[in-house]
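Visitor: The structure is given below, and queries will be raised subsequently.
Please treat every number below as a calculation from the coordinates, not as lab data. What you are looking at is a predicted structure, and each value in this text was computed from that prediction instead of being measured. Virtual Cβ from ideal backbone geometry, glycine too; neighbours counted across all protein chains shown.
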Amino acid sequence: MRKLGERLHLAKIVLSELKKRPLGRTELEKRTIRQFGTHSAFEGIFRYLVQGGYIAKSEGRHRAPYMITEKGLKLLEGL
């Protein structure tokens, strides 16, 4: 299990990238891993953010880009 500080740092990177603009999952993962973390660490935090309602698909289609939600913006402000 990763340290809490590392998970929060990963969450901050993901949310910050999505605040700039909506991104597809693959591009979001590449940008996150380039800054910090691994594939498995990204998977865990990504799943947590989606299930928690912090990020969501911008459309209903299968490969729609993800965007930050109002709940995600509030979390980002707190980080």
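Visitor: So which residues in the stretch 9-26 are of a type in the set (Lys, Arg) and without any contact (Cβ under 8 Å) to a residue 60 or more places away in the chain, if there are any at all?
Guide: Hits for the stretch 9-26 are Lys19, Lys20, Arg21, Arg25.
Visitor: Are any residues in the stretch 48-64 part of a loop (DSSP other than H, G, I, E, B), farther than 16 Å from Thr26 by Cβ and in contact (Cβ under 8 Å) with a residue 24 or more places away in the chain, and if so, which ones?
Guide: Correct list: Tyr54 only.
Visitor: Of Glu6, Glu29, which residue is in contact (Cβ under 8 Å) with a residue 12 or more places away in the chain, within 19 Å of Gly78 (Cβ to Cβ), surrounded by 13 or more Cβ atoms within 10 Å (Cβ to Cβ) and not β-branched (Val, Ile, Thr)?
Guide: After applying the criteria, what remains is Glu6.
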